[in-house]
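Notes follow the structure.
The values are calculated or read from the model by the stated rules, or taken from the named source; none is laboratory data. Keep in mind it's a predicted model, so treat the numbers as computed, not measured. Every residue, glycine among them, receives a Cβ derived from its backbone with ideal geometry; neighbour counts consider all protein chains shown.
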Amino acid sequence: MNPQNNATSPEVTQRYKVPFSLRRFVRTNSAQLGILGVFVTLWIIFIISAPKTFLAPQIYSAFMASIPFFAIMAIPLTIVVIAGEMDLSFPSIMAMGMVAFNYTYVATGFINNVTIQVFLAIVAALVTGAIIGWLNGFIIVKFGIPSLVVTIGTQFLWRGADLVLTQGANFSLEYIKQTFFYPLFVGTIGPYFPMQMFWLIVVTIMGWVLLNQHRFGAHIYLIGDNINSAELMGVNTGRTRIQAFMLVGVIAAFAGILASFYVAYFWPSLGDGFLLSTLASVFLGGTSVFGGVGTILGTFLGAFIIGAIEAATVAIGLTGFWTQFIYGFIIVLSVIMHTYLRKRGE
Amino acid sequence: MEEYRLELKHVSKSFGEVQALEDINFHLGRNEVVGLLGDNGAGKSTLIKIITGYYQPTSGEIFFNGRKVDNLSVPKARELGVETVYQERALAELQTLWRNIFLGRELCNSLGFLDIQRMRDETHRLMSESMGFTSHAVSPDSRVGKYSGGEKQGVAIVRALFFNADIVVLDEPTMGLSLKESAKLINFVNGIKQAGKSAIFIDHNILHVHNVADRVVVIDRGRVAGEFQTKNIGLNELMDKMVQVAETGSLN
C-alpha cells in the first residue's frame with residue numbers, strides 16, 4: 001500500500017500555517033506546561049528552603065547519577081501506557097537481562113578477551129529483554145488478557161526464573177572496569193555529568209521522535225484512544241502493541257546493565273524498588289491511564305520530581321519519614337491537576 | 001457479461017453458534033448506488049464488514065472487478081478502493097483532526113517518519129473545499145471529540161473520499177444528523193454517482209434509501225430476501241414490502 005500516490009492531488013496544496021498564538025500554545029501543551037510548573041515550583045521551594053544544597057552542583061550531579069536508572073524505563077513505559085496498556089514486569093526484566101549477561105560472559109570464557117565477552121553479554125541482555133517483552137505482548141494480544149494481569153504474572157515468573165538461575169547468588173562484575181563499556185555507560189563527562197544521564201537523554205529523544213514523528217507513535221496514540229476505530233481503519237493493533245512491549249523489554253534490560261555497571265556488582269534482587277518510582281514518573285508526567293494521551297517530556301520531568309523529592313526532604317531538614325508522605329501528596333495533586341487540565345482542554 | 005465492481009458469491013459468516021449471514025449473493029455495478037435495507041440484526045453490518053475486510057467470511061468467494069480476492073483484510077480492501085463511513089464513525093476523539101483524516105495510512109517516508117506538515121496542509125484544504133467547515137473551532141490541530149455530530153460525520157465522510165475510493169460504503173450515515181445535514185449527505189451520495197463511483201448505502205430511513213439508491217437489496221435474518229430497482233417500485237410499496245418481510249421473513 002502506498003498512500004503517497006493516490007492520497008494527494010497533483011497540484012501543490014496551499015501551505016497551512018497558523019500565526020503563533022500564546023493562548024493556543026498554552027491550550028495544546030497544557031499537560032506539559034502543568035508538569036513544568038510543578039517542577040519549577042518545587043525547585044524554587046527547594047532552593048529557598050535549602051539554598052546551600054540546591055545552589056551547589058553536587059546535588060544535581062547526584063540526581064543525574066541516580067535518576068536515569070528508573071527514568072530511562074519510564075520512557076518506553078509511557079508509550080505502553082499511551083497505547084492503553086500497562087507493564088509491571090520491567091523490574092524483573094532488568095534482572096533477567098543481567099542473568100543472560102552473566103551466563104553469556106561465563107559461556108564465552110574461551111574467547112579470552114574481556115571486551116568481546118562483555119560486548120556479547122550486553123547483546124545477550126538486550127536480546128533477552130526484547131524476547132521477554134515480545135512474550136508479554138504476545139500473551140496480551142493473542143489471548144486478549146488485560147496487560148495488567150499478564151504482567152503481574154510475568155513479573156513473578158521472571159523474578160522467579162532469575163532466582164532459580166542464580167540460586168540467589170550475587171557476584172562481582174569487577175572485570176567490566178577493564179573494558180571501554182564501563183566509562184561509556186557509567187563514566188562521567190567532565191567532573192559532574194554522568195554518562196547514564198547521557199543515555200537517558202538519548203533514549204528520551206528517541207522515544208519522543210518515535211512517538212511524535214513516526215507512524216509507530218501515531219498508531220500508539222490511536223490504539224490507546226479507540227482501539228476499535230484503529231482496527232476498523234486498518235491499523236495492525238496487535239503488532240504495534242507487541243512492539244511497544246518489546247521496547248520496554250529492551251530498555252529495561254539496558255537499565256539493568258547501567259544499574260549493575262554503576263556498582264560493578266550483580267544482585268539477583270536487581271530492579272526491586274524501581275516499580276513504583278517508574279510508574280509514578282509516567283502518571284506524574286500527565287499520561288492518562290485510560291490511554292490516548294501522554295507526553296515523553298512530561299514523563300522526563302516527572303522522573304526528576306520523583307528522584308529529587310527524597311534528597312530534598314532530607315536537605316530541607318525533615319526526617320526521612322516525611323519522604324513518602326510528600327511523594328504521595330505531590331503525586332495526588334499532580335494527577336488531579338492533569339485531569340482538570342485535560343477536561344478544560346477538550 | 002458486464003463486469004461488476006464487487007461481487008460476493010455464496011458468502012456465509014458465523015460467529016460460533018450464531019449464523020450471521022447465510023449464502024449471500026450480492027453484486028455492485030459500476031456507477032451504481034445500492035441500498036441495503038433490513039431490520040436490526042438482519043446482518044447488514046456484518047455484510048459491510050466482510051466487504052471492508054474487517055471480518056473474513058466463513059465460506060464463499062469475493063470478487064473485485066471480476067478477480068477473486070482471498071484473505072481480504074482492511075488494508076487490502078482499501079488498496080482495492082473500498083472506503084467506509086462506519087456507523088460507529090471510527091474516529092479517535094482525543095486526537096487532532098489531521099490524525100483522524102489520515103488514520104491508518106499516515107503519509108510517511110520509506111522509514112516510516114511522518115510528513116506532518118503535508119498532512120496538516122491537506123487537512124486544511126479538505127476542510128475548506130470539501131467539508132465546508134467554517135466554524136472557528138475546526139482546524140487541523142483541533143481535537144475531534146469537541147465536534148458536533150454532523151461535523152464528526154463530515155470528517156468520516158471526507159476521509160473516505162480523500163483516498164480516491166471506487167466503492168464508498170456508508171453504514172447508517174444519517175444517524176444523529178440534523179435534517180439539513182442529512183440533506184447535505186444525500187447530495188453527497190448523488191455526487192459519488194456522478195463522479196462515476198459506486199456506493200453501498202445502509203440506512204434505517206427508507207425515504208433516504210429510496211431517494212439515492214438505484215437498487216435496493218433487502219436482507220432478513222442473514223439472507224437476501226429480495227431486491228428491487230427503485231425506479232420500478234414506489235415508496236409506499238417498498239414500505240409495505242419491508243413490513244411484510246419483517247413479519248413473515250419473505251417477500252411473497
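Observations on the model:
- Test result for A:Leu301, under 18 Å from the mean Cα position of the chain (by Cα) and either on the phi < 0 side of the Ramachandran plot or crowded, with 22+ Cβ neighbours inside 10 Å (or both): yes
- Filtered residues of segment B:54-98 (kept if charged (D, E, K, R) and touching a residue at least 12 places away in the same chain (Cβ under 8 Å)): B:Glu61, B:Lys76, B:Arg78, B:Glu83, B:Arg89, B:Glu93
- Condition check for A:Val12: out of contact with any Lys or Arg (no Cβ under 6 Å at 6 or more places or on another chain) and either among the hydroxyl-bearing types (Ser, Thr, Tyr) or at pLDDT 90 or above (or both): no
- Considering segment B:31-59, the residues that are over 13 Å from the mean Cα position of the chain (by Cα) and under 13 Å from B:Tyr4 (Cβ atoms) include one that is nearest to the other protein chains (Cβ to nearest Cβ), namely B:Asn31.
- Of everything in segment B:188-221 that is among the polar types (S, T, N, Q) and surrounded by fewer than 16 Cβ atoms within 10 Å (Cβ to Cβ), the residue that is farthest from B:Leu80 (Cα to Cα) is B:Asn205.
- Residue within segment A:160-182 that is on the phi > 0 side of the Ramachandran plot and either assigned to a helix (DSSP H, G or I) or within 14 Å of chain B (Cβ to nearest Cβ) (or both) present: no
- Set B:Gly149, B:Gly145, B:Gly112: member being within 8 Å of another protein chain (Cβ to nearest Cβ), out of contact with any strand residue (DSSP E or B) (no Cβ under 6 Å at 6 or more places or on another chain) and over 29 Å from B:Asn25 (Cα atoms): B:Gly145
- Screening the candidates B:Val11, B:Val18 for the property of being more than 15 Å from the chain's Cα centre (by Cα), more than 13 Å from B:Ile167 (Cα to Cα) and modelled with pLDDT of 90 or more yields one hit, B:Val11.
- Just one of the numbered conditions (1) within 14 Å of chain A (Cβ to nearest Cβ); (2) surrounded by fewer than 17 Cβ atoms within 10 Å (Cβ to Cβ); (3) part of a loop (DSSP other than H, G, I, E, B) is not true of B:Pro140: (2).
- Any hit, segment B:225-236, residues being at pLDDT 80 or above and either buried (at least 20 other Cβ atoms within 10 Å of the Cβ) or within 16 Å of B:Leu91 (Cα to Cα) (or both): yes
- Within segment B:196-206, one or more residues are within 14 Å of chain A (Cβ to nearest Cβ) and within 30 Å of B:Gly234 (Cβ to Cβ).
- Scope segment A:250-273; condition under 11 Å from the mean Cα position of the chain (by Cα) and not in a helix (DSSP H, G or I); matching residues: none
- Residue count, segment A:186-211 (criterion: over 29 Å from A:Ala83 (Cβ atoms) and either within 13 Å of the chain's Cα centre (by Cα) or not in a loop (DSSP other than H, G, I, E, B) (or both)): 6
- Top-ranked residue in segment A:85-122 [being outside any helix (DSSP H, G or I) and surrounded by fewer than 21 Cβ atoms within 10 Å (Cβ to Cβ); ranked as farthest from the chain's Cα centre (by Cα)]: A:Asn112
- Of the helices (runs of 4 or more DSSP H) contained entirely in segment A:26-83, those carrying at least 3 residues that are at pLDDT 95 or above and surrounded by 14 or more Cβ atoms within 10 Å (Cβ to Cβ) fall at A:68-82.
- Selection status of B:Ala77, of a type in the set (A, V, I, L, M), within 30 Å of B:Gly16 (Cβ to Cβ), at pLDDT below 90 and out of contact with any Phe, Trp or Tyr (no Cβ under 8 Å at 6 or more places or on another chain): no
- Segment B:171-252 holds no strands (runs of 3 or more DSSP E) entirely within its bounds that carry 3 or more residues that are acidic (Asp, Glu), under 19 Å from the mean Cα position of the chain (by Cα) and over 24 Å from B:Phe64 (Cβ atoms).
- Of the residues making up segment B:158-173, at least one is of a type in the set (Gly, Ala, Ser) and more than 8 Å from every other protein chain (Cβ to nearest Cβ).
- Annotation: of all residues in segment B:60-87 being closer than 15 Å to B:Asn164 by Cβ and acidic (Asp, Glu), the one that is farthest from the other protein chains (Cβ to nearest Cβ) is B:Glu83.
Let's see how each residue does on (1) part of a helix (DSSP H, G or I); (2) crowded, with 22+ Cβ neighbours inside 10 Å:
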residue: B:His27; (1), (2): no, no
residue: B:Arg30; (1), (2): no, no
residue: B:Asp39; (1), (2): no, no
residue: B:Ser45; (1), (2): yes, no
residue: B:Gly60; (1), (2): no, no
residue: B:Asn71; (1), (2): no, no
residue: B:Glu93; (1), (2): no, no
residue: B:Leu103; (1), (2): no, yes
residue: B:Arg118; (1), (2): yes, no
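Yes/no matrix, rows are residues, columns are (1) under 24 Å from A:Ala218 (Cα atoms); (2) within 14 Å of chain B (Cβ to nearest Cβ); (3) in contact with a strand residue (DSSP E or B) (Cβ under 6 Å, 6 or more places away or on another chain):
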site: A:Gly271; (1), (2), (3): no, no, no
site: A:Val293; (1), (2), (3): yes, yes, no
site: A:Ile296; (1), (2), (3): yes, no, no
site: A:Ala312; (1), (2), (3): no, no, no
site: A:Ala315; (1), (2), (3): no, no, no
site: A:Leu318; (1), (2), (3): no, no, no
site: A:Gln324; (1), (2), (3): no, no, no
site: A:Ile330; (1), (2), (3): no, no, no
site: A:Arg344; (1), (2), (3): yes, yes, no
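- Among the residues of segment A:139-174, just one is crowded, with 17+ Cβ neighbours inside 10 Å and of a type in the set (Phe, Trp, Tyr), namely A:Trp158.
- Residue match in segment A:199-216 (condition: more than 28 Å from A:Ser66 (Cα to Cα), touching a helix residue (DSSP H, G or I) at 6+ places or on another chain (Cβ under 7 Å) and of a type in the set (Phe, Trp, Tyr)): yes
- Among the residues making up segment B:94-104, those that are over 15 Å from A:Asn212 (Cβ atoms) and more than 7 Å from chain A (Cβ to nearest Cβ) are B:Leu97, B:Asn100, B:Ile101.
- Segment A:212-245, subset part of a helix (DSSP H, G or I), surrounded by 21 or more Cβ atoms within 10 Å (Cβ to Cβ) and among the polar types (S, T, N, Q), residue farthest from the other protein chains (Cβ to nearest Cβ): A:Thr240
- Every listed requirement among (1) in contact with a helix residue (DSSP H, G or I) (Cβ under 8 Å, 6 or more places away or on another chain); (2) modelled with pLDDT of 90 or more; (3) closer than 22 Å to B:Val144 by Cβ is met by B:Asp115 save one, (1).
- Single match in A:Gly302, A:Gly286, A:Gly298 (criterion: touching a Gly at 6+ places or on another chain (Cβ under 6 Å) and not in a helix (DSSP H, G or I)): A:Gly286
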